[in-house]
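Written below as structure tokens is the structure these notes are about.
Any read-out appearing in this document is the output of simple, stated calculations on the displayed coordinates, not a laboratory observation. Worth saying up front: this structure is predicted, and the values here are computed from it rather than measured. Cβ atoms come from the backbone with ideal geometry, glycine included; neighbour counts cover every protein chain shown.
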């Protein structure tokens, strides 16, 4: 639980309840094995989030008290994983309750979201206690009686006796018996061990009626009595009173007279208390001689004089006897929680007369303040409370208040009550020890709203002065009689014709000293006083980054020329006539053919000398039938005599690219004779007989010249290079390659086929 409380990081939630329109509810969540997936929020009728969950731990049970105005709300439970909190990974559940009839639970939430609409009626937490004002343990804060009232009513022959026993640091060692000496029967008995560690330094009060007398027997098992300081702790005490007087008091804390284990009071005889005597006195608090103990009215002689009692105040009245205080006024209550873990099911009550307010802080809030109107003439009580209908464990309550503090201030900032860290444990119990009513402390403070005392206020009290102030009560020497400009930095100071003793705001125009010569470099058009320091104008380029910067110029004439870096040598290839700064980039002229498509293209040349020769790609073999003496780049189109027996117009077909490849493709048609079958089979230009060609095991590349697609009759690896040797296309295991985008000209085809490399020249049309 401690780790959970320390981990609460909730959006700020202020919880302030008043009896007329406020309500509350308790949010209970039991998480499954994956508490981090779960969260909740409360949405009001305006669709605004008014409360939200802190991070939830795995397999944890949390209870958070939420104060809200009465109205309609939706409680929404979420599970980010979408499997809810029941029942695959733990028996989780959630619900909302209060002691005014609200009770909604879901024990089988197994989805991503569940919404519970609900209506809050005005309802305050249940504060349990004795509500009988006649009882000794009457609890003025209780709104539900818990049956604990203890009413002592002694008859006329009995005496009411009260024993107050304060335990030392080791309470479990202590026990006692109150014995009626008339019959030997005990009025009250506590054996050692009934008091536990949580009773350290706690004072217990016992009331009983005695007809004759009694005897007290105190027991300490350890043998040191109530002398806790002997062992490094704190001492206890025991006092018995009757008829408003102490009739017995423990003086021997160590019980030394009886071996240290037992202390006897001896017989204490009692008599009925005599009736209280009449007290005659003034019963009117408007008089100085008012006696608050008086029961019989006597003559009241001297009236109080209301006035200021503060001798430091301007209106101090030496004759005043009572302060005329201001009431009511706003008093500020501040609750702090250094841990920011919220106060759980606990809160703070404030009570004055019949008015009562309840306050608490939710998780995520470290400090919260409220303003309450209170009367100055009545004491205010501040007390701790916990919801009696939804009890938290004592350990949980103790931890929740461990970091808390209370501060009460008035409008002047005066501290009326300041209780530091963990104010609800200063009853002597250590941290994380259970609370036990009525040991919870109640704090008191008297509101102070101020009085009629007036502080000294200073100013001019001379009615003849221009700055006479009727609202002040003390002269401070600030009076003035001639207003004007008093500042030498303004022109009006010199032109107004008199010396003012108060600056009334007439100083409007700054006295600007400077050069008033319009032809001067430093002419100041704003100047109204010439300083005789004019400087002549010197024109030129004033930009130090410019090519023609003039260090003596004070006025720029727009002549600045920027630095332009480049080659400034007119004999060089890259001479830049715009450059004015040499950058070392000059390149000499290199003459040659600069046309990359020319036969004699020189890539090193930067200046064309007209020597370019056109590339002529054709057969360069003088032995070939189609030898071209003008060719300067060999093509693979050379044709040679095939020694064929016949042909379609010999040597016609040798010059026809549609048929020339037959020389190598079909020995029969070439050697045996050219017939119609050969004609039909190899008429490539007529697009017939292609399947027969492709079925041939010999490698055939067609067409040549090519236009769009270059075909191969076998699947091969092929690389295509242009005239310069640059690879322009490459494919593996293919029988065709796209050529439509090639530039017209000659190309070299390198084919890997049957563990050999075949090179062909191809013409792109």
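For region 157-269, calculate the relative contact order in percent as a whole number, restricting contacts to Cα pairs under 8 Å that are 6 or more residues apart. Mind dumping the intermediate values first?
Details: 270 pairs, mean separation 37.4, N = 113.
Contact order relative to length: 33 percent.
Between residue 332 and residue 261, take the C-beta separation as r, use R0 = 41 Å, and let me know the FRET efficiency to the nearest 0.05.
On the way: r = 54 Å, r/R0 = 1.31.
It comes to 0.15.
For residue 190 and residue 57, FRET efficiency with R0 = 45 Å and r from the beta-carbon atoms, rounded to 0.05? List each step's numbers first, then the result.
On the way: r = 41 Å, r/R0 = 0.91.
Approximately 0.65, to the nearest 0.05.
How long are the three semi-axes of the equivalent ellipsoid for region 95-182, computed from the Cα gyration tensor as the root of 5 times each eigenvalue, in whole Å, largest first?
Details: eigenvalues 447, 86, 21 Å².
Taking √(5λ) for each Cα gyration eigenvalue gives 47, 21, 10 Å.
Sequence gap at least 6, Cα distance under 8 Å: using those rules, report the relative contact order of region 20-120 to the nearest whole percent.
Values: 249 pairs, mean separation 34.7, N = 101.
Over region 20-120, the number comes to 34 percent.
Can you tell me which of 58-68, 295-305, 177-187 comes out highest on packing, and rank the rest after it, using the mean Cβ neighbours within 10 Å?
On the way: 58-68: 18.5, 295-305: 12.4, 177-187: 14.2.
Sorting 58-68, 295-305, 177-187 by mean packing, highest first, produces 58-68, 177-187, 295-305.
Under 1.5 on a/c is rounded, so check that first for region 52-207, then, if it is not, pick prolate when a/b is larger than b/c and oblate when it is not; a ≥ b ≥ c are the square roots of the alpha carbon gyration tensor eigenvalues. List each step's numbers first, then the result.
Values: a/c = 4.06, a/b = 2.22, b/c = 1.83.
Judged from the Cα gyration tensor, region 52-207 comes out prolate (a/c at least 1.5, a/b above b/c).
Tell me whether region 472-581 comes out rounded, prolate or oblate; compute the Cα gyration tensor, take square roots of the eigenvalues as a ≥ b ≥ c, and use a/c under 1.5 as the rounded threshold. Show your work: numbers first, answer last.
Values: a/c = 7.76, a/b = 3.67, b/c = 2.11.
Prolate.
Modelled label-to-label distance, residue 738 and residue 596, 7 Å Cα→beta-carbon offset: nm?
2.1
Determine the shape class of region 157-269: with a ≥ b ≥ c the square roots of the Cα gyration tensor eigenvalues, call it rounded for a/c under 1.5, and otherwise prolate if a/b is greater than b/c, oblate otherwise.
Details: a/c = 1.86, a/b = 1.74, b/c = 1.07.
Prolate.
Using r as the Cβ-Cβ distance of residue 367 and residue 88, and R0 as 60 Å, what FRET efficiency do you calculate, to the nearest 0.05?
Numbers: r = 42 Å, r/R0 = 0.70.
Efficiency for this residue pair is about 0.90.
What distance in nm separates the two pseudo spin-label positions at residue 727 and residue 237, each 7 Å out from Cα along the beta-carbon direction?
The answer from the label model is 10.7 nm.
May I ask for the distance between the Cα centers of region 288-320 and region 511-568, given as a whole number of Å?
85
Measure out, as a whole number of angstrom, how far apart the alpha-carbon centroids of region 88-104 and region 204-265 sit.
Rounded to whole Å, the Cα centres lie 50 Å apart.
Please give the peptides 552-564, 736-748 ranked by average Cβ packing (other Cβ atoms within 10 Å per residue), highest first, as a rough proxy for protection.
Going by the mean number of other Cβ atoms within 10 Å, highest first, we get 736-748, 552-564.
Put a dot 7 Å past each Cα toward the Cβ at residue 491 and residue 476; how far apart are the dots in nm?
The modelled label-to-label distance comes out at 3.5 nm.
Between residue 108 and residue 467, what length comes free when the chain is fully extended (0.36 nm per residue of separation minus the Cα-Cα distance, one decimal in nm)?
Computed gain between residue 108 and residue 467 is 121.2 nm.
Order of 350, 620 from fewest to most other C-beta atoms within 10 Å? It would help to have the intermediate numbers written out before the result.
Working: 350 22, 620 17.
Least crowded to most crowded, the residues run 620, 350.
Just order 150-163, 267-280 by mean Cβ neighbour count inside 10 Å, highest at the front, would you? Before the final figure, lay out the partial values.
Details: 150-163: 14.7, 267-280: 11.8.
The peptides rank, most packed first, as 150-163, 267-280.
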